[in-house]
Amino acid sequence: MRPITALLFTLILAAACHQNSGKPNTDSASTASNPTNEPPNFPALLNTWAEVMNDSDLAVQTSLYADTIKYYGATLPAEKVFALQADYIHTHRGYELSIVEIDKQERRPDGSWYIHFTKQVTSARDTASYPASIVFAWKRNGWKIVEETDDITDLKGAAENYILGYSPALVEIEGTIEENSAWNTANPGSDPKSDGRMVYYVLIPKQPVTTVAGPHNNPPAEMGVKRIQLRSKTIDLKKWLNTPVRVSGRLLRSTGKDVFTSVQMDVEGVR
């Protein structure tokens, strides 16, 4: 085990040993769950984080993150975050991350800590520095990462992505509607060659959609959604084909038969 990684486990263990045995464990980020008001050793934690990213050490990675993370604008389970990180590193040959400096440490009212810093990323032969941020919160067994992003992604995401919630939230998305056809799931006794053909409508968003996960990751978040199947019994979607529109409705995680996109919308209006 490397010295920095060992220091991380020492910090977590020391903090855990100071917990009041008479109080039940909670997953709260509040200071009530934190036995000391001392901030963690942020340089050590960030360097460990960078080291883990470079080594793809899943065991230590698990000890660094909370069960659910707000990751570059989307709320995701830790397993999904680890998969995204592994995929990114795999597709960026020669990936190496290091911490240049910490320029801000801010304690939030809930007891978590917002850390703003500069990270240096090398991929192939290119090296660049980015302003980034991580939020650490006190959990049952130590300080965990609950938010992670960088300033460039935040700005780009605000300009290029819709970040929207599932139903019951009412949302509006700008884009175009296209008509698609497919062979649906035939009913018992029907002739799939003559009765199985169906027409459905898909919204192509002007900007990709990222959905925010529901409670307990149900429904789960979806990132970069470029096609949304539309459902409506009262609105004639066909007359809005291939023209810029704004579609309002409620987003749903796609389930069941005759569904062709990961996210659907119950349409309430088109203009």
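Looking at Ala29, is it within 29 Å of Pro220 (Cβ to Cβ) and modelled with pLDDT under 75? Before the answer, list the steps.
On the way: within 29 Å of Pro220 (Cβ to Cβ): yes; modelled with pLDDT under 75: yes.
Here the answer is yes, as Ala29 does meet what is asked.
Could you list, in sequence order, all residues of region 89-109 that are loosely packed, with under 14 Cβ neighbours inside 10 Å and among the charged types (D, E, K, R)?
Arg93, Glu101, Asp103, Lys104, Glu106, Arg107, Arg108
Just for region 75-88: of the residues that are over 29 Å from Arg125 (Cα atoms) and of a type in the set (A, V, I, L, M, F, W, C), which one is surrounded by the most Cβ atoms within 10 Å (Cβ to Cβ)?
Leu76
Taking region 60-74, which residues are modelled with pLDDT under 85 and either closer than 15 Å to Gly142 by Cβ or surrounded by 20 or more Cβ atoms within 10 Å (Cβ to Cβ) (or both)? Working first, answer last.
If we filter region 60-74 for residues that are modelled with pLDDT under 85, which is where we start, we get 60-61, 71-74.
If the condition is that a residue be modelled with pLDDT under 85 and either closer than 15 Å to Gly142 by Cβ or surrounded by 20 or more Cβ atoms within 10 Å (Cβ to Cβ) (or both), then Val60, Gln61, Tyr71, Ala74 are the ones that fit.
Please tell me if Tyr71 is under 14 Å from Ile134 (Cβ atoms) and in contact with an Asp or Glu (Cβ under 6 Å, 6 or more places away or on another chain). Show your work before the answer.
Numbers: under 14 Å from Ile134 (Cβ atoms): yes; in contact with an Asp or Glu (Cβ under 6 Å, 6 or more places away or on another chain): yes.
So Tyr71 passes the test.
Return the residues of region 83-129 that are of a type in the set (Lys, Arg) and either under 15 Å from Asn47 (Cα atoms) or touching a strand residue (DSSP E or B) at 6+ places or on another chain (Cβ under 8 Å) (or both); say none if nothing qualifies. Working first, answer last.
Residues of region 83-129 of a type in the set (Lys, Arg): 93, 104, 107-108, 119, 125.
Answer for region 83-129, where residues must be of a type in the set (Lys, Arg) and either under 15 Å from Asn47 (Cα atoms) or touching a strand residue (DSSP E or B) at 6+ places or on another chain (Cβ under 8 Å) (or both): Arg93, Lys104, Arg107, Arg108, Lys119.
Can you say whether Thr210 is closer than 23 Å to Ala74 by Cα, part of a strand (DSSP E or B) and at pLDDT 85 or above, as far as the supplied structure shows?
Working: closer than 23 Å to Ala74 by Cα: yes; part of a strand (DSSP E or B): yes; at pLDDT 85 or above: no.
No; evaluated as a whole, the condition is false for this residue.
Taking the condition of being part of a loop (DSSP other than H, G, I, E, B) and either outside the structural domain of Pro39 (by TED's automatic domain parsing) or within 16 Å of Thr210 (Cα to Cα) (or both), how many residues in region 66-111 meet it?
Initially, region 66-111 is screened for residues part of a loop (DSSP other than H, G, I, E, B), giving 72-73, 92-95, 108-111.
Those left that are additionally either outside the structural domain of Pro39 (by TED's automatic domain parsing) or within 16 Å of Thr210 (Cα to Cα) (or both): 72-73.
The total comes to 2.
The values are calculated or read from the model by the stated rules, or taken from the named source; none is laboratory data. This is a predicted model, so every value here is computed, not measured. No Cβ is skipped: glycine too gets one built from the backbone with ideal geometry, and neighbour counts run over all protein chains shown.
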